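To start, the structure under review is shown below, and the notes come after it.
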Amino acid sequence: MSLASTAAGHAAPAEVTAGGAAAAAAATQPAPSKCDRAKFRIILDVGHTAESYGAMSARNISEFDYNLKLGNRIDEKLKSEGFSETVLLVTTGKARPSLMKRVAVANKKGADLFVSIHHDSVPGLYVEKWEFEGKQRSFNDFFGGYSVFVSQRNPRYQASLKFAKLLGNQMAARELQFARQYDQWFMGKYRRELLDIDAGVYRYDELIVLRMTQMPAVLVESGSIINRDEELVMASDEHKNKVAAAVASAATEYCETRGPAPPLVAKPAPQAKKPPPRLAQQPKTAKPASTRSARKR
Ligand SMILES: [Zn+2]
């Protein structure tokens, strides 16, 4: 429907009278594929940096390491399925500035989807200790599973939620369980609203990469690397391939079923309106001559 109205908006006046009939006829025909994969850009944001690496696994491997490996696998999969514009975004530097860099790059490049890739851990309260290769390490075997987060503060929230559900459903279809703890009271400040109990989608409004990106954006935690069994799963090719296939299927479905594609290049963020500068008031003692000289400037 929006496609028809867009077309009518651009029609020459002579065509407008016939437009209604033409649009009605067009509506009865099967819609051609709306998805041009070669033009559909997905930014795969590798969570954290080598310097600020996120969580640490039960076997002392950084989350960044896991994120990068999974990001590469998803990138390969998407490109092999025709999403040739996919961008793997690897950022350097400290945590907070790196978040702003990701957002700036994504908004400058423009994209149809922004997918931030992470691996989960647990709040410090739930960390236990064990010995691995002669050193004391942290673990928690009680929590596990993937989760998908969206922010209602993203300007494309509904589209973000749509993709998040598609992705979560694709993960669930591959027999992956989602992390059930996030809507529980004992998570304290980490507690989140569960938006979709089938797909495992939670609401996390404050995340910078979700709320400041101008395109639909989701953050996916592939699973918990502080869980000793799940860490081994996360490291396996089988799991990485599952997640890559889930992202590719969800992206395809999203691309096929979304409305008319918005422009690829994001609009610049609206500038805060400044009040008009006040005209300098003439001092009361000013003579007419000084008014004239002020006007010349
Ligand atoms: Zn992370």
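The values are calculated or read from the model by the stated rules, or taken from the named source; none is laboratory data. A quick note: this is a predicted structure, and the numbers were derived from the prediction, not measured. Backbone-built Cβ (ideal geometry, glycine too); neighbour counts: all protein chains shown.
Residues of the stretch 94-137 that are charged (D, E, K, R), farther than 19 Å from ALA251 by Cα and out of contact with any helix residue (DSSP H, G or I) (no Cβ under 7 Å at 6 or more places or on another chain): LYS94, ARG96, LYS101, LYS108, ASP120, GLU128, LYS129, GLU131, GLU133, LYS135, ARG137.
Looking at the stretch 138-153, can you tell me whether even one residue there is closer than 30 Å to ASP36 by Cβ and among the β-branched types (Val, Ile, Thr)? Yes; the residues of the stretch 138-153 include at least one that is closer than 30 Å to ASP36 by Cβ and among the β-branched types (Val, Ile, Thr). Counting only residues that are surrounded by fewer than 18 Cβ atoms within 10 Å (Cβ to Cβ) and touching a residue at least 60 places away in the same chain (Cβ under 8 Å), the stretch 157-175 holds 2 of them.
Can you confirm whether MET212 is surrounded by 17 or more Cβ atoms within 10 Å (Cβ to Cβ) and either of a type outside the set (Phe, Trp, Tyr) or modelled with pLDDT of 95 or more (or both)? In short, yes.
Here the stretch 126-155 is the region considered, the condition is being free of Cβ contacts under 8 Å to residues at least 12 places away in the same chain and of a type outside the set (D, E, K, R), and the residue that is farthest from GLU230 (Cα to Cα) is GLY134.
In the stretch 176-187, the residues that are closer than 12 Å to GLU221 by Cβ reach residues that are of a type in the set (D, E, K, R) and in a strand (DSSP E or B) with C-beta atoms within less than 9 angstrom, at least six apart or across chains, in these pairs: ALA179/ASP120; ALA179/GLU221; TYR182/GLU193.
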